[in-house]
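Single-structure report; data block below.
Only the coordinates and a few stated rules stand behind these numbers; no lab work does. What you are looking at is a predicted structure, and each value in this text was computed from that prediction instead of being measured. In this analysis, Cβ positions are derived from the backbone assuming ideal geometry, glycine residues included, and neighbour counts consider all displayed protein chains.
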Amino acid sequence: MKLATWNVNSLTVRLPQVLEWLHANPVDVLVLQETKMTDDKFPAADFAAAGYFAQWFGQKTYNGVALLSRNHAVSMVKNIPGFADDMARVIAATVDSVRVIGAYFPNGQAPGTEKFEYKMFWLKALRAWVRTELEQHAKLVLMGDCNITFDDADVWDPVGLKDTIHCTEEERYHLRALVALGLHDAHRLFEQPAKSYSWWDYRDFGFRRNRGLRIDHVLVSDALKADVRACTIDKAPRKNERPSDHAPVIADIAI
DNA sequence: ATGCCTCAGCTCCTGAGA
């Protein structure tokens with residue numbers, strides 16, 4: 001079973017690239033973030049024609065998530081139950097006995113801002129909910145744009161970006177606490193190329209200079225850890241004329 | 001440079017992303 005996550009930064013703009021990517025990479029599950037569209041605009045027919053069921057949860061202008069799957073997805077959940085949020089950030093469903101959670105973590109803007117405080121509250125709520133999900137589903141994959149680096153190896157300039165957003169100790173504490181529930185960063189289960197990133201700033205030739213961050217993660221539960229065959233960041237879509245600033249991350253699990 | 005690029009929207013500028 002191959003599962004992937006991709007922040008597309010507007011599905012309206014990126015739909016042709018997503019369809020082309022699915023044709024070249026016929027994964028079993030793909031979760032999308034930053035679709036930036038209301039639910040009535042979601043291109044479900046295009047994905048159906050490509051052989052994918054879809055679940056989606058969006059809003060105007062910002063955020064928006066979706067879950068595409070080769071097989072039927074059941075028991076869909078939108079956002080974190082019990083956590084009031086007017087932003088569409090989470091979609092979860094069960095596909096082929098695996099609980100899949102696709103998430104677009106808050107950006108947080110900068111430490112000390114209201115958006116950073118919201119990010120901390122959101123992370124606490126996510127953790128409490130994922131704990132209960134893990135109790136019910138031993139096989140679980142949580143993946144998405146986590147907007148947090150694990151450590152300096154995920155940062156192109158750890159000195160210059162020390163304590164800035166995505167790199168603060170407070171954010172990393174929450175990411176570690178999430179993983180400590182019984183999850184594993186699939187990327188780090190394998191030897192990876194040095195300076196592996198999943199996001200690059202559009203400005204200043206960030207991708208060309210490989211000035212990036214690894215903030216898109218695939219986290220697998222204890223029960224799946226031994227079955228993960230590979231985890232790769234696919235930079236191929238960056239060759240498109242108007243690429244997303246994020247690359248897809250793919251995990252291959254023997255299920 | 002509290003910017004650089006990209007996207008959405010009550011669109012010819014502004015807010016947000018990361």
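Loop-located trypsin sites (Lys or Arg not before Pro) in segment A:179-255 (DSSP state other than H, G, I, E, B) with a sparse environment of at most 10 neighbouring Cβ atoms within 10 Å: A:ARG208.
Counting every alpha-carbon pair across segment A:130-255, the share separated by more than 18 Å comes to 54%.
Using Cβ point charges alone (K and R +1, D and E -1), the dipole size of segment A:95-190 about the Cα centre works out to roughly 340 debye. Annotation: the residues A:GLU20, A:GLU171, sorted from fewest to most other C-beta atoms within 10 Å of their own C-beta, follow the order A:GLU20, A:GLU171.
Could you identify which residue out of A:ALA223, A:ALA49, A:ALA186 has the top mean-square fluctuation in a GNM of chain A using Cα springs shorter than 10 Å? Maximum among the listed residues: A:ALA49. Once you compute Rg and the Kirkwood Rh from C-alpha atoms, what is the Rg to Rh ratio for segment A:1-116? Checking Rg against Rh, the ratio lands at 0.98.
Would you mind finding the longest exposed-site-free stretch of chain A, with exposed chymotrypsin sites (Phe, Trp or Tyr not before Pro) meaning DSSP loop and at most 15 other Cβ atoms within 10 Å? Result for the longest clean stretch: A:84-189. Taking amide H as placed 1.01 Å from N in the peptide plane, A:VAL8 has its amide H under 5 Å from the amide H of A:GLN33, each at least 5 places away in sequence or on another chain.
I want to make sure I understand the PRE zone here: with the label point 7 angstrom from the Cα of A:LYS78 toward its beta carbon, which residues in segment A:109-148 have backbone N atoms less than 16 Å away? Of the residues in segment A:109-148, none has backbone N under 16 Å from the label point off A:LYS78.
Of all DSSP beta bridges confined to segment A:2-253, the antiparallel ones make up roughly 80%. Using a Gaussian network model of chain A in which every pair of alpha carbons under 10 angstrom is joined by a spring, one finds that among A:THR232, A:THR35, A:THR61 the greatest mean-square fluctuation is at A:THR61.
The charge dipole of segment A:1-127, taken about its Cα centre with unit charges on the Cβ of Lys, Arg, Asp and Glu (plus for the first two, minus for the last two), comes to roughly 240 debye. Using the alpha carbons alone, the radius of gyration of chain A stands to its Kirkwood radius in an Rg to Rh ratio of 0.93. Qualifying GluC sites (Glu not before Pro) in segment A:63-150, where qualification requires a DSSP coil assignment and no more than 11 other C-beta atoms within 10 Å, are lacking entirely. Note on segment A:182-255: semi-axes of the ellipsoid equivalent to its C-alpha gyration tensor, largest first and rounded to whole Å, are 26, 12, 10. Along segment A:232-244 the Karplus relation, 6.51 cos²θ - 1.76 cosθ + 1.60 evaluated at θ = phi - 60°, assigns HN-Hα couplings of 9, 9, 9, 7, 4, x, 5, 6, 5, 5, 10, x, 5 Hz to successive residues, with x for each Gly and Pro. The spread of Cα positions in segment A:110-155, taken along each principal axis and listed from longest to shortest, comes to 36, 27, 14 Å.
Charges were assigned to the Cβ only: +1 to each Lys and Arg, -1 to each Asp and Glu. The resulting dipole of chain A about its Cα centre is roughly 300 debye.
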